[in-house]
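J.: Quick one: structure below, then a few questions.
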Amino acid sequence: MSSTYSNITVLIVEDEQKIAQILVDFLSLDGFKTRVLHDGADAVDVIKSGEVDFAILDLMLPHKDGLTICKEVRQFSTIPILMLTARVEEIDRLIGLEFGADDYVCKPFSAREVVARVKTIIRRIETEPQNKESVMTYKHVQLNINRFKCYSANVEIDLTPVEFRLLHSLLKRPGVVHSRDNLMQLCYSDDRIVSARTIDSHIKNIRAKLAVDEINGELIHAIYGVGYKME
Ligand code: CA
């Protein structure tokens, strides 16, 4: 019975050791393997190493909080992320575009509830038709979100992580105008101050990289005084 989940290692990033241990115990009952970190410092590196398949992140953590971890991880991985939070007001942002968590559980919670949520997310991912969410196409541009690859007229294009996120944001909602501020928030995981000019220069680079021939014209349009849209 427990063998179903035995190939899944869940990373638990939780500074309250008691809570972390309860989660370990309950997840182990269902066969999950677990790994625990008590602060946020190394979480991104552990996920990047590919040694874990699922991440449970507490929101408030020493050294690096759960939101920052989530946002950084989403720059390179679609690993399922379940957030633990006592801050209800954050929920919309957590699950939405901005941070990209898969689900959340509010504290205080029962460990059973958390395990049930983990299983639901895994089931959802397993039953999702392959490539359904992961490949986006608009005109001659194709993004493979899971693999972080971009194609223009079927030729692979090398984009930086920031360029990829920018293009992804625009491509998700063709025709919708994004302000530079909005794009900056979506594209930078830290609170680095970047000027609007930075976005402009990224857009310039993306345009140059995507350009295949004259016939296609511009895909990314500047809207004077506002920002950019893809159309
Ligand atoms: Ca905490």
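The values are calculated or read from the model by the stated rules, or taken from the named source; none is laboratory data. In this text, all values refer to a predicted model and were calculated from it rather than measured experimentally. Positions of Cβ are backbone-derived with ideal geometry, glycine not excepted, and every protein chain shown enters the neighbour counts. For accessibility, only protein heavy atoms count, side chains too; no ligands or nucleic acids. Shrake-Rupley method; radii C 1.70, N 1.55, O 1.52, S 1.80 Å.
J.: Please work out which residue is farthest from the ligand (Cβ to nearest atom), limiting yourself to region 66-78 and to residues that are open to solvent by less than 20 Å² (accessible area, probe 1.4 Å) and of a type in the set (Val, Ile, Thr).
T.: Val73
J.: Suppose the filter is modelled with pLDDT under 95, open to solvent by 30 Å² or more (accessible area, probe 1.4 Å) and away from the ligand (no atom under 16 Å from the Cβ); does Lys48 pass it?
T.: The answer is yes for Lys48.
J.: Ok, one more. If you scan region 16-38, which residues turn out to be within 16 Å of the ligand (Cβ to nearest atom), open to solvent by 40 Å² or more (accessible area, probe 1.4 Å) and under 22 Å from the mean Cα position of the chain (by Cα)?
T.: Across region 16-38, the qualifying residues are Val36, His38.
J.: While we're looking at this one, here's another question. Which of the residues spanning region 151-191 are touching a residue at least 40 places away in the same chain (Cβ under 8 Å) and assigned to a strand (DSSP E or B)?
T.: Ser152, Val155, Ile157, His178, Ser179
J.: List, please: which pairs have Cβ atoms under 9 Å, are six or more places apart or on different chains, and start with a residue in region 54-78 that is in contact (Cβ under 8 Å) with a residue 60 or more places away in the chain and in the same structural domain as Tyr104 (by TED's automatic domain parsing) and end with one that is open to solvent by 40 Å² or more (accessible area, probe 1.4 Å) and within 16 Å of the ligand (Cβ to nearest atom)?
T.: Glu72/Lys64
J.: Ok, one more. Pull up region 1-15, narrow it to residues that are assigned to a loop (DSSP other than H, G, I, E, B) and under 19 Å from Gly66 (Cβ atoms), then point me to the one that is nearest to the ligand (Cβ to nearest atom).
T.: Asp15
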